[in-house]
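A.B. asks: Sharing a structure, written as structure tokens. Questions coming.
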Amino acid sequence: MIFSEIIEMDQEDHLAKEGIMEIKIKKTPLKNRKAKPTDEAKLGFGKIFTDHFFTMKYKKGQGWHDPVIGPYRPLKLDPTAMCLHYGQEIFEGLKAYRGKDEAIYLFRPTDNIKRMNTSAERLCMPPIDQEIFFDAMKKLVILEKDWIPHGAGTSMYIRPTMVATEAALGVHPASEYLFFIVVGPVGAYYPQGFSPTKMFVSEEYVRSTKGGTGAIKAAANYAISLYASQIATNMGYTQVLWLDAAEKKYVEEVGTSNIFFVLEDELITPPLAGTILPGITRDSVIKLAGYLGIKVVERPITIQEIITASEKGTLQEAFASGTAAIISPVGHLYFRNKEYAINNGKTGAIAEKLYNEILQIQYGFKEDPFGWSVKILEEGKAKKG
């Protein structure tokens, strides 16, 4: 069944007039602005946010309205706001880069917009016009350009989010929503940076099932992953490697990323089958690897195949892919009370090659044969001031 067939929303409600709406900008008074970070080595990830954020409201019968970039502040929600009770909450994650000649770039923003609207459709939430979505991100990033760090591997993280705000109890799609975008400077997602991570294979707990919401960026997907992730952390592992819910033998994805393995010179990743998030970095890896002459295969792969290959020495490398870390090498897997080394716990050549290639494209330092990198502010204009 197509999602749109079960969503009773007047098209005029959610699509009308967004394209001609003007985004108002209300700047934070200078005396109230935050001190910007001075040490980019201590940025961390997701801890620092800028002086402004974007908001836009939705009401059934009125559609999206009041798009504003204003001072960063706490949200005001009714205690019965439906997002707090029934989980209608979705989000995206992408980055802005201060690249070649100080120009500002976004990486594949249209794909994030499309994926968020897919998530919205699945949770009976109103889609957002692509033009105003992009315009809001662009205007916010340019307004906050002085917050974009300069160091290698740093960027500005962009978090678009939609939540149900209707004040009501009762299980049904809400009639009111808030869409907002926050941004902030970030360093490496993992404290160790681009170094091999350790993965804990979960057999007891699962992330998603067929027919569920595993293929969208719903907040609940991340909440249900926390328990197994905490077990992994307590045992000294970086992330959970999830298996399928039906048989608990097929590898699916990592807690915050998609997964790739190099077996006998083939780059293998599980296929999208409704339970795995269609990662934008995953797609970038597949396309770029093919462009570089690396054989890519999307197929089901069992955890036992991976373990056997590790024991035989035919598992050449493994890595995860995602917006936050881009490429994250995997050096060890823990499965059934035993730890298995991959490539002697070192970063593989393919992971390193793909990481560097994508990074160079994102910063505008290398030719982009795919048209992924979108320059939103020219050199010179992006300099501080």
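Coordinate-derived values only; no laboratory data. Note that the coordinates shown come from a computational prediction; the quantities given were computed from them, not determined experimentally. We place every Cβ from the backbone using ideal geometry, glycine too, and count neighbours over all the protein chains shown.
A.B. asks: Which trypsin sites (Lys or Arg not before Pro) in region 314-371 sit in a loop by DSSP (not H, G, I, E or B) and have at most 12 other Cβ atoms within 10 Å of their own Cβ? Spell out each step's value before the answer.
C.D. replies: Numbers: sites: Arg336, Lys338, Lys346, Lys353, Lys366; in loops: Arg336, Lys346, Lys366.
When the trypsin sites (Lys or Arg not before Pro) of region 314-371 are filtered for loop state and at most 12 Cβ neighbours within 10 Å, Arg336 remain.
A.B. asks: Quote to one decimal, in nm, the extra length available between Thr233 and Glu311 on full extension: 0.36 nm per residue of separation minus the C-alpha distance between them.
C.D. replies: Working: separation 78, 0.36 × 78 = 28.08 nm, distance 2.48 nm.
That pair, Thr233 and Glu311, stretches by 25.6 nm at full extension.
A.B. asks: Going highest first, how would you order 66-77, 179-190 by mean Cβ packing within 10 Å?
C.D. replies: 179-190, 66-77
A.B. asks: Is it possible to state the helix-based mean residue ellipticity at 222 nm for the chain, with each DSSP H run of 4+ residues giving -39500 (n - 2.57), the sum divided by total residues, to the nearest 500 deg cm²/dmol? What is it?
C.D. replies: -6500 deg cm²/dmol
A.B. asks: Of Lys287/Lys375; Lys34/Lys138; Lys114/Lys353; Lys248/Lys346, which pairs sit farther than 25 Å apart, going by alpha carbon to alpha carbon?
C.D. replies: Listed pairs above 25 Å: Lys114/Lys353; Lys248/Lys346.
A.B. asks: Sticking with this structure for a sec: Which value, in debye to the nearest 20, describes the size of the charge dipole of the chain about its Cα centre when Lys and Arg Cβ atoms bear +1, Asp and Glu Cβ atoms bear -1, and nothing else is charged?
C.D. replies: Roughly 1320 debye for the chain.
A.B. asks: Going Cα to Cα from Lys338, which lysines come in below 16 Å? Please leave out same-chain ones fewer than 8 positions away.
C.D. replies: Counting by Cα, and skipping residues close in sequence, Lys338 has these lysines nearby: Lys198, Lys312.
A.B. asks: Please list, by residue number, every one of the GluC sites (Glu not before Pro) in region 172-244 that is coil in DSSP and has at most 15 other beta-carbon atoms within 10 Å.
C.D. replies: When the GluC sites (Glu not before Pro) of region 172-244 are filtered for loop state and at most 15 Cβ neighbours within 10 Å, Glu203, Glu204 remain.
A.B. asks: How about Lys26: which aspartates and glutamates have a C-alpha closer than 19 Å to its C-alpha, ignoring those fewer than 8 places off in the same chain?
C.D. replies: Correct list for Lys26: Asp51, Asp66, Asp135, Glu144, Asp146.
A.B. asks: Between (i) 35, 23, 20; (ii) 41, 25, 23; (iii) 35, 27, 19, which matches semi-axes √(5λ) of the Cα gyration tensor in Å calculated for the structure shown?
C.D. replies: Correct label is (iii).
A.B. asks: Turning to a different aspect of this structure: Compute the relative contact order of the chain as a whole-number percentage, counting only Cα pairs closer than 8 Å that sit 6 or more residues apart in sequence. Display every interim value, and only then the final one.
C.D. replies: Numbers: 784 pairs, mean separation 72.4, N = 385.
RCO, the chain: 19 percent.
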